[in-house]
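*Asks:* Sharing a structure with you now.
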Amino acid sequence: MDIVANNSLMKKLLPLAGIPLIAGVYLALMYMAFDWFTLARALALILFGYIAAYTDYRTRKVSNKLVLTMLVIWLALMSIYVITDIEVAIGILISSIIGGAVGGGFFLIMYLISGKGIGGGDIKLITVIGLYLTFARLMAMLFVSSLLTALVAGVLLLTKKATMKTAIPLVPFLYAGILFVLFA
């Protein structure tokens with residue numbers, strides 16, 4: 001049972017909602033004190049995170065091409081950063097790899113335990129998100145995302161708009177957690 005996606009007005013307006021959101025986030029980030037590498041990672045994560053959240057909401061799938069594109073951009077940014085500031089970049093690289101491994105590993109365990117309630121695309125996406133956010137920020141993002149997911153699922157269950165078998169797309173909640181962590 002798809003709760004919100006059946007509403008045709010929502011289907012038409014949701015893609016347009018991302019334009020002011022991404023523009024607003026971009027402007028907010030521009031006025032914060034970030035180095036170029038942090039700003040580039042944040043902007044890439046905001047843009048690709050929105051695309052992933054929207055497509056997961058609409059189709060219940062996370063595109064392998066999108067995840068691969070995110071990975072290639074992260075590798076390119078990391079390569080440039082290693083060349084320009086190797087001492088700082090090595091620390092970030094280590095924390096990023098730990099973040100990716102922990103995020104992907106945790107979701108893989110959840111996939112195996114939940115009887116495939118979490119999809120393979122979610123596992124790949126959270127692995128790449130962990131690379132962008134690094135370990136500490138990934139943990140905060142997962143905490144916020146889990147709280148939001150539980151809150152929405154609880155409300156849907158209490159209002160009888162969903163059952164325990166109702167599929168709820170996960171990536172929009174991950175995206176909300178990403179935005180929270182980037183601006184907290």
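*Asks:* Can you tell me how many residues within region 62-97 are crowded, with 16+ Cβ neighbours inside 10 Å and not in a helix (DSSP H, G or I)?
*Replies:* Count: 2.
*Asks:* State which residue pairs qualify: first residue more than 20 Å from Met164 (Cβ to Cβ) and inside region 87-116, second residue at pLDDT below 95 and not in a helix (DSSP H, G or I) in any location, beta carbons under 8 Å apart, and separation of 6 or more residues or different chains.
*Replies:* Close Cβ pairs (under 8 Å, with a partner that is at pLDDT below 95 and not in a helix (DSSP H, G or I)) amount to Phe107/Ile118.
*Asks:* List the pairs whose first member sits in region 144-161 and is closer than 21 Å to Ile178 by Cα, whose second member is assigned to a helix (DSSP H, G or I) and of a type outside the set (Gly, Ala, Ser), and whose Cβ atoms are under 6 Å apart, counting only residues at least 6 apart or on separate chains?
*Replies:* Every condition considered, the pairs that remain are Val144/Phe180; Ser145/Phe173; Ser145/Leu174; Leu148/Phe173; Thr149/Phe173.
*Asks:* While we're looking at this one, here's another question. Every residue in region 147-169 that is touching a Gly at 6+ places or on another chain (Cβ under 8 Å) and within 20 Å of Gly115 (Cα to Cα), please.
*Replies:* Across region 147-169, there are no qualifying residues.
*Asks:* Same structure again: Across region 112-133, what is the total count of residues that are under 16 Å from Ser145 (Cβ atoms) and buried (at least 16 other Cβ atoms within 10 Å of the Cβ)?
*Replies:* Matching residues across region 112-133 total 13.
*Asks:* Looking at Ile129, Ile123, which is the one that is within 18 Å of the chain's Cα centre (by Cα), farther than 18 Å from Ala40 by Cα and not polar (S, T, N, Q)?
*Replies:* Of the residues listed, the single one that is within 18 Å of the chain's Cα centre (by Cα), farther than 18 Å from Ala40 by Cα and not polar (S, T, N, Q) is Ile123.
The values are calculated or read from the model by the stated rules, or taken from the named source; none is laboratory data. Since the structure is predicted, the reported quantities are computational estimates derived from the model, not experimental observations. Glycine gets a Cβ as well: all are built from the backbone with ideal geometry, and neighbour counts include every protein chain shown.
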